[in-house]
Amino acid sequence: MSSFTPRVFSGMQPTGNLHLGNYLGAMLNWIKLQETHECIYCVVDMHAITVWQDPKELRKAILDVTAAYLACGLDPSRSIIFNQSQVPEHAELAWIFNCVARMGWLNRMTQFKEKAGKDKEQASVGLYVYPNLMAADILAYKATHVPVGEDQKQHLELARDIAGKFNLDFADAIREAGHEGDFFPQPEPFIMGPATRVMSLRDGTKKMSKSDPSDLSRLNLTDDADTIARKIRKAKTDADSLPSESAGLKGRPEADNLTGIYAALAGSSVDQVLAQFGGGQFSKLKDALAELAVARLGPIGQETKRLQADPGHVEGILADGSRRARAIARPIMREVRKIAGFVVF
Ligand code: TRP
């Protein structure tokens, strides 16, 4: 076993607004990891174009997501924040991985099946090999830890399989190039905290999603105070009062979701929330939740808007991050070329 320096890598697609689910499910963890780890956070624009993106909107979305990253508290003086397409090593390593990964592995990816739907013939080839690009994102930096949601676990397992097969297939070349042990680490998932899964405000069995046609289903990070309060007031509930203990949330997805969101925003536990609101009507929890959500999300929304009005500043941060990212990826990719048997000058 060889040891690798701990390094965190994660990414989000620049499509649509960030919402509460992204914030509680991902951003809070990304922010915390900055305190303990070297972190690289990527805006994965090359993943976005696996389905059609209008170029004008894509450009805006890349800057918007970056603005949201910064407004939430990702700190470019501590972490590397950059856009994927500015570091060509991602695409280059993805090609190598297209030749390492097996068709059979990709055929098992459930997200492709969901996204391609019935008409697989019309899906882009990029959508099919998307997980290989994701493996390249991570391994171009030899990242060891990847905070992801449940839905990305299968892709991360694929990245581990690719790393393993590369290490095995090229074991001799790796040794001859002077590397001791494995060349790539097996990246570990960090599956995240209590409110990892924030559900739709309209249907507690569906994930909060930027693609849900109803805007009432989610709290966007740029919603103003009135909108936040209105969406929470309209959130679906059931007819019973709130239970006093978390066991009573079983089979009550909306009650579960609202208390989970409250706990995550308050930094407390579901049991603490129920100790306070249990036995009472939903309306009391909703009033308190609206106030808490406005207090937590309001400043983030304002800061996002301020940064959106200053695209030059946001671009400067991406440019700097891309340079720093590339400084890590470039020498790793050079080794990969040598190991693969290419003639390197
Ligand atoms: N596929 C991830 C998603 O849709 C985004 C992503 C791309 C990613 N590359 C990554 C996440 C590398 C973690 C690490 O959410």
**Complete:** Packing-ranked peptide list from 23-31, 84-92, highest mean Cβ count within 10 angstrom first, is 23-31, 84-92
**Message:** Normalised radius of gyration for segment 102-197, please: alpha carbon Rg relative to 2.2 N^0.38 Å, two decimal places.
**Reply:** 1.23
**Message:** Given R₀ = 25 Å, what would the calculated FRET efficiency be for PHE4 paired with PHE342, taking r from the Cβ atoms and rounding to 0.05?
**Reply:** 0.60
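For the chain, what proportion of DSSP beta bridges, expressed in % and rounded to the nearest 5, is antiparallel? Before the final figure, lay out the partial values.
On the way: 2 of 16 bridges.
Approximately 10 percent, going by the DSSP bridge assignments.
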**Asked** Relative to the longest principal Cα axis of the chain, at what angle does helix 311-340 sit, 0 to 90 degrees, rounded to 10?
**Response** 40 degrees
**Fill in**
With 0.36 nm assigned to each residue of separation and the Cα-Cα distance removed, ARG59 to ARG233 gains 59.2 nm
**Asked** Using alpha carbon centroids, what distance separates segment 221-282 and segment 26-52, in Å?
**Response** 28 Å
**Prompt:** Expressed in nm to one decimal, what extension gain is obtained for the pair ASP224 and LYS165 from 0.36 nm per residue of sequence separation less their Cα-Cα distance?
**Reply:** 16.3 nm
**Asked** In percent, how large is the relative contact order of segment 215-306, given Cα pairs closer than 8 Å and 6 or more residues apart?
**Response** 41 percent
**Request:** Using only alpha carbon pairs under 8 Å that are at least six residues apart, calculate the relative contact order of the chain and give it in whole percent.
**Result:** 23 percent
**Request:** Would you give the gap between the C-alpha center of segment 116-194 and the C-alpha center of segment 294-334, rounded to a whole Å?
**Result:** 24 Å
**Request:** Give, rounded to the nearest 20 debye, the magnitude of the charge dipole that segment 215-306 has about its Cα centre when Lys and Arg contribute +1 at Cβ and Asp and Glu contribute -1 at Cβ.
**Result:** 220 debye
**Alpha carbon Rg of segment 84-134, scaled by the compact-globule rule 2.2 N^0.38 Å** = 1.20
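Rounded to whole Å and sorted largest first, what semi-axes of the equivalent ellipsoid does the C-alpha gyration tensor of segment 48-98 yield via the square root of 5 times each eigenvalue?
23, 18, 8
With respect to the cross-link table entries LYS115/LYS153; LYS118/LYS234; LYS118/LYS250; LYS115/LYS142; LYS56/LYS113; LYS32/LYS56, which display a Cα-Cα separation exceeding 25 Å? Can you show the working numbers first?
Values: LYS115/LYS153 16 Å; LYS118/LYS234 34 Å; LYS118/LYS250 34 Å; LYS115/LYS142 28 Å; LYS56/LYS113 28 Å; LYS32/LYS56 33 Å.
LYS118/LYS234; LYS118/LYS250; LYS115/LYS142; LYS56/LYS113; LYS32/LYS56, as the Cα separations exceed 25 Å there.
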**Message:** Return the Rg/Rh ratio of segment 1-149 with Cα-based radii and a Kirkwood Rh.
**Reply:** 0.96
**Request:** Quick one: compute the contact order of segment 101-213, relative version, from alpha carbon pairs under 8 angstrom and 6+ residues apart, as a percent.
**Result:** 25 percent
**Asked** Between the helical axis of 225-234 and the dominant principal axis of the chain, each derived from Cα atoms, what acute angle in degrees is found, rounded to the nearest 10?
**Response** 70 degrees
**Prompt:** What does the chain give for Rg and for Dmax, in Å, if only its C-alpha atoms count?
**Reply:** 21.6, 72
**Prompt:** Angle, helix 282-308 long axis vs. longest principal axis of the chain, Cα atoms, 0 to 90°, nearest 10?
**Reply:** 40 degrees
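Counting each pair of different Cα atoms once, what's the Kirkwood radius of segment 215-306 in Å, rounded to one decimal?
Every distinct Cα pair counted, the radius reaches 13.5 Å.
Whole number in Å², please: accessible area per residue of the chain, 1.4 Å probe, ligands, DNA and RNA not counted. List each step's numbers first, then the result.
Values: 16570 Å² over 345 residues.
So the chain comes to 48 Å² accessible per residue, rounded to a whole number.
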**Carbon + sulfur, % of accessible area of the chain - ligands and nucleic acids excluded, 1.4 Å** = 51 percent
**Fill in**
Rounded to the nearest 500, the 222 nm mean residue ellipticity computed for the chain from DSSP H runs (n ≥ 4, each -39500 (n - 2.57)) alone is -16500 deg cm²/dmol
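The values are calculated or read from the model by the stated rules, or taken from the named source; none is laboratory data. What you are looking at is a predicted structure, and each value in this text was computed from that prediction instead of being measured. So basically every Cβ, Gly included, is an ideal-geometry build from the backbone, and we count neighbours across all protein chains shown. Calculation scope for accessible area: heavy atoms of the full protein, side chains included, ligands and nucleic acids excluded. Shrake-Rupley method; radii C 1.70, N 1.55, O 1.52, S 1.80 Å.
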